[in-house]
Amino acid sequence: MDASGAAEYLRPRLVSLRQEPTRLLVWLVATGYVVVLSLASINRHERFESGGYDLGIFEQGIWLLGQGLRPFSTIRGRDLFADHFQPALVVLAPLGALELTPVALLILQSLLLAAAAPPLYTLARRRGAGPRLAGTVALLWLASPLTQWANLFDFHPETAAPTLLAYAAVALDRGRLVRFIGLAVAASLLKEDIALVFLGWGVLLALQGRRRLGSALACGAVAWFLLATQVAIPALGGNLDYYSARFGGDRGSSLGAVFLSLVEHPLRTLGDAATPANTKVLLALLVGCGGLALLAPALLLPAAPAVAANLLSAYSYQHELQFHYHLIPAAVFAIASAHGAGVLQTRRARLAPKVAAGLLAGVLALAALGPASKGLRASASPDRGARERALGLIPADASVAAAPHLVPHLAHRRQVYQLPEPFFPRPTNGEYWTEHELSERAGGLQWVVYELAGLDPWPRSQTQQLPRMLRQRGFVEVFHEGGVRVYRKRQPPRRRAL
């Protein structure tokens, strides 16, 4: 695009900003969000609160891609794309080549999540909402704890999905089907299960009378999901057996077993799902959109697969709010709230300003008390200096095993492991290493950074055995400060030349 083309593109948008100060406000607040959440995320990482799962996995994988190497994650024990099929990560390879991760990833994540606010405003305005109410829809997205918690929990490529979904909703509303399909494809490349959002969206369109488009979208989504999970992931050496078993718990080792249980024992299954934790999840989804999504309930259908997966899962983390599992449903709820704002404006025009004022007060409260505010105020651990000095001893190209919160600071290398690996397997996390592979990798390890802080009971009990084991394997302790120790493999003595 030349200068005249760029000017022609920008002119109507600048005019729109002048005519609607609220639109400009949304852009300014979104910019402020990027700054605040970037600082909070980086602060969290520098306090050693990020983890090998998940920041370290993506950091190592992107670094390997940037170096032109196979993205085999030694932290995860498999190819990066054999765990989840996320081919969109390839576009981040330049960050790995320039060694800008993890800070660039944390900033990018904040930018991607903030970028959903302007299209949400546009969608609400197109659906008939006034500027103030439409602005509130966008600001609620930025202030929502679900948005901010996902932003602060390490890095995940699917944090780009809310913006793509919001722009897809705008494109669909404008009748730009080619753009809508392109955005659907781009979003589905972020993670295999995002295609299920478009399955629900396709069903919705079919129910609304757009049967050809809806059927094509739903069939395409199912085809992509099956291709990713049944062809691509197995071809790369992975499978979803572990995730299926984690989801099923004692109801069976597969998704099919869980849904069979749902059909055979619906009341028991619903009773299992009706927990205080799940109630908090649903309330958080409603609070994050100011309840406006309830005015357009049909638009919540695309969120159904992800919400059901979270509510029915036996995996405890999917029922906790501070992780990223609820981000995609939250994005669908935000899109529904943009439609709901239009419904409110159309049917209760006199009530709309009062609702907007009340929701804006809620936005301010969420911003003041939310995760980002707490993250900026958090103080550094007293062990921070010891950890930094310990990490400074590790050569750039050395193979190393370290405690989970230290792994993201060591991920720019081919071999980095999260203790107690590679000395002990962790089958409860979908372990793919064989005993022989672990033994080989432990034998080639050069450095170990040992610390027990933050470990769950089982890996902690394994890790506590390591000092004695390391001495037996020829490691010597070269650093010990507070609870942090560094061990280096003793080099065999050189033979004298005859």
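The values are calculated or read from the model by the stated rules, or taken from the named source; none is laboratory data. Computed from a prediction, not measured in an experiment: that's the story for all the values here. FYI the Cβ positions are ideal-geometry reconstructions off the backbone, even for glycines, and counts take in every protein chain you see.
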- Item | Scope the range 364-389; condition at pLDDT 95 or above and aliphatic (A, V, I, L, M); matching residues | Ala386
- Message: Let me spell it out: the conditions are (1) surrounded by fewer than 20 Cβ atoms within 10 Å (Cβ to Cβ); (2) farther than 30 Å from Asn239 by Cα, and Leu226 meets all of them except one. Which number is the exception?
- Response: (2)
- Item | Checking Gly375 against (1) within 15 Å of Tyr450 (Cα to Cα); (2) touching a residue at least 24 places away in the same chain (Cβ under 8 Å), the condition it does not meet | (1)
- Task: Determine whether the range 216-226 contains at least one residue that is in contact (Cβ under 8 Å) with a residue 40 or more places away in the chain, in contact with a Ser or Thr (Cβ under 6 Å, 6 or more places away or on another chain) and assigned by TED's automatic domain parsing to the domain that holds Ser316.
- Result: no
- Taking the condition outside the structural domain of Gly291 (by TED's automatic domain parsing), outside any helix (DSSP H, G or I) and not hydroxyl-bearing (Ser, Thr, Tyr), does Phe81 pass? no
- Message: I'd like to know if the range 266-280 contains one or more residues that are surrounded by 21 or more Cβ atoms within 10 Å (Cβ to Cβ), in contact (Cβ under 8 Å) with a residue 40 or more places away in the chain and within 26 Å of the chain's Cα centre (by Cα).
- Response: no
- Query: Going through the range 345-362 one residue at a time, which ones are assigned to a helix (DSSP H, G or I), charged (D, E, K, R) and either in contact with a helix residue (DSSP H, G or I) (Cβ under 9 Å, 6 or more places away or on another chain) or crowded, with 18+ Cβ neighbours inside 10 Å (or both)?
  - Reply: Arg347
- Scope the range 467-485; condition farther than 17 Å from Asp383 by Cα and touching a Phe, Trp or Tyr at 6+ places or on another chain (Cβ under 6 Å); matching residues: Leu470, Phe475, Glu477
- Given the conditions (1) at pLDDT 95 or above; (2) not in a helix (DSSP H, G or I), report the number of the one that Met1 does not fulfil. (1)
- Message: Out of everything in the range 73-101 that is surrounded by fewer than 20 Cβ atoms within 10 Å (Cβ to Cβ), in contact (Cβ under 8 Å) with a residue 12 or more places away in the chain and over 16 Å from the mean Cα position of the chain (by Cα), what residue ends up being nearest to Leu236 (Cα to Cα)?
- Response: Asp79
- Query: Which ones in the range 421-440 are among the charged types (D, E, K, R) and closer than 20 Å to His409 by Cα?
  - Reply: Glu421
- Which residues, taken from the range 376-410, are within 21 Å of the chain's Cα centre (by Cα), surrounded by 22 or more Cβ atoms within 10 Å (Cβ to Cβ) and not in a loop (DSSP other than H, G, I, E, B)? Val407, Pro408, His409
